[in-house]
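Asks: If you scroll down you'll find the structure; I have some questions about it.
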Amino acid sequence: MKVLTTMAIIGALLVTRGANTGLAEHYGLTVKNGMIYKDGKPYRGIGVNYCDLFQDMIHYPEEQRTLKGLRFLGEKKIPFVRFWCCGFWPSDWDLYFNNKEEWFRRMDLVVKTAEESGVGLIPSMFWRTETYPNLFNEYQDQWANPESKCRKFMADYVKEVVTRYVDSSAIWGWEFANELNLSCDLPNGMEFLGQNIPHLKVNMEKNERNLMTYKIASSAWEAFATEVRKYDPYRFITTGNSCPRESAWHNAKEKSWKYDNKEQVFEVFQRMNPSPINVTSVHFYPVYDEEPVYAGVTGIENVFNLWKGFSAKLGQPLFIGEFAALAHDKEKQLTMDQFRTLQTRLMNAFLKEKIDLSAYWVFDYTKDRSGPGLIRKDNEYAWILDQIAEFNEKIRREMTDKRN
């Protein structure tokens with residue numbers, strides 16, 4: 001009887017530590033045969049970006065603004081959020097280096113609230129990649145050096161975060177950073193260096209070693225994914241990239257702005273997704289009354305179809321990690337009817353082209369910011385949350401009917 005009791009206790013402990021038993025496979029989103037799975041079934045869904053979900057907790061933990069926002073998203077049946085799970089500026093990391101226990105206490109609150117609210121989390125762990133060489137007085141080329149301080153910090157932080165939350169049902173996947181590819185191999189890259197903001201501890205020296213390249217970025221993407229896989233063998237891993245610039249191949253090969261053809265764009269897609277990355281990431285901001293043209297393909301639906309094809313060749317699902325409707329003239333704002341027309345077209349395109357994951361930009365970004373398309377719980381764009389919930393239900397019904 002004593003043995004049975006002991007075994008029962010051990011069994012209970014093993015259940016609570018799913019990563020040690022294989023039960024973590026049932027948490028979050030996994031990838032199999034180029035498709036996303038949740039709870040063992042194929043899954044597609046639309047969420048939102050809540051980018052400063054944790055950032056706000058770094059600076060204003062007593063207000064808990066973003067925790068309240070997360071609960072609200074759960075009530076509105078938004079399935080997941082993408083957010084930065086880090087500091088944005090170098091100065092935002094002061095709490096981590098001065099009081100790591102408090103840093104993670106606040107992050108625990110985010111994860112616990114997500115669990116309770118039924119909202120999945122896609123943490124982007126090193127959102128602004130320029131921050132990390134700055135933290136350790138290194139150049140950006142050190143992202144490609146396994147012995148550099150920024151790479152060692154990356155590995156340490158991945159271990160801390162992933163091992164801490166690997167058993168949380170709230171974590172859906174892991175992302176490296178935000179749009180690193182857009183900084184790669186720019187012919188005019190030196191123009192963007194030289195930024196110095198002392199109070200944010202930003203010092204981007206105008207030095208060629210601070211120019212980002214696909215060679216450096218590919219090393220960082222692969223290293224990040226490899227570190228995540230040490231501690232989480234199941235959940236998806238993505239880069240956080242936008243779609244390649246229309247001249248990305250020519251930027252790298254010829255230092256020119258000549259447009260790439262489809263084969264060249266696909267070659268860039270391959271560089272952007274080194275194994276063990278297993279979900280392709282793009283971002284998309286179409287403008288009203290103007291059909292997007294990409295790699296010679298015209299129209300929202302056709303561009304999505306192109307990206308889906310590229311992802312399928314890589315054996316990966318597609319994540320449109322940011323999307324929103326824009327005005328042709330960024331100084332002007334779309335009327336609500338114009339905004340709704342383009343927003344609805346995007347949603348229908350996600351449904352028609354069977355986009356695996358997508359996330360609207362943006363929900364509740366900072367306490368005081370305003371602008372076209374920024375959703376707050378009670379502003380003129382709040383209807384977008386209901387629309388997202390409606391389309392998620394359409395996707396769910398479609399996939400259920402297909403299985404039946």
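The values are calculated or read from the model by the stated rules, or taken from the named source; none is laboratory data. Computed from a predicted structure; not experimentally measured. Backbone-built Cβ (ideal geometry, glycine too); neighbour counts: all protein chains shown. Remember, those area values only see protein heavy atoms, side chains included, never the ligands or the DNA or RNA. Shrake-Rupley method; radii C 1.70, N 1.55, O 1.52, S 1.80 Å.
Asks: For the range 73-87, state whether one or more residues are part of a loop (DSSP other than H, G, I, E, B), closer than 18 Å to Ile237 by Cα, open to solvent by less than 10 Å² (accessible area, probe 1.4 Å) and of a type in the set (A, V, I, L, M).
Replies: no
Asks: Also, I was wondering about something else. Being touching a Pro at 6+ places or on another chain (Cβ under 6 Å) and not small (Gly, Ala, Ser) narrows it down to one residue among Asp356, Asp337, Asp329; which is it?
Replies: On the way: Asp337 fails: touching a Pro at 6+ places or on another chain (Cβ under 6 Å); Asp329 fails: touching a Pro at 6+ places or on another chain (Cβ under 6 Å).
Every option except Asp356 fails the conditions.
Asks: A further question on this structure: Would you point out the residue of the range 157-208, among those that are closer than 18 Å to Pro276 by Cα and in contact with an Asp or Glu (Cβ under 6 Å, 6 or more places away or on another chain), that is surrounded by the most Cβ atoms within 10 Å (Cβ to Cβ)?
Replies: Val158
Asks: Now for a separate question. Restricting attention to the range 356-374, and to residues there that are hydrophobic (A, V, I, L, M, F, W, C) and crowded, with 24+ Cβ neighbours inside 10 Å, which single residue is nearest to the chain's Cα centre (by Cα)?
Replies: Here is the first cut: in the range 356-374, the residues hydrophobic (A, V, I, L, M, F, W, C) are 357, 359, 361-363, 374.
Restricting the remaining residues to those that are crowded, with 24+ Cβ neighbours inside 10 Å gives 357, 359, 363.
Numbers: Leu357: 11, Ala359: 9, Phe363: 14 Å.
Out of the qualifying residues, it is Ala359.
Asks: Continuing with this model, one more query. If you check Val293 against the conditions, is it farther than 19 Å from Asn278 by Cα, without any contact (Cβ under 8 Å) to a residue 40 or more places away in the chain, out of contact with any Leu (no Cβ under 9 Å at 6 or more places or on another chain) and open to solvent by 70 Å² or more (accessible area, probe 1.4 Å)?
Replies: On the way: farther than 19 Å from Asn278 by Cα: yes; without any contact (Cβ under 8 Å) to a residue 40 or more places away in the chain: yes; out of contact with any Leu (no Cβ under 9 Å at 6 or more places or on another chain): yes; open to solvent by 70 Å² or more (accessible area, probe 1.4 Å): yes.
Judged against the criteria, Val293 is a match.
Asks: Any chance the range 228-244 includes a residue that's within 23 Å of Gly189 (Cα to Cα) and surrounded by fewer than 18 Cβ atoms within 10 Å (Cβ to Cβ)?
Replies: Of all residues in the range 228-244, those within 23 Å of Gly189 (Cα to Cα) come to 239-244.
Those still in the list that are surrounded by fewer than 18 Cβ atoms within 10 Å (Cβ to Cβ) too: none.
Looking for residues that are within 23 Å of Gly189 (Cα to Cα) and surrounded by fewer than 18 Cβ atoms within 10 Å (Cβ to Cβ), one finds none in the range 228-244, hence no.
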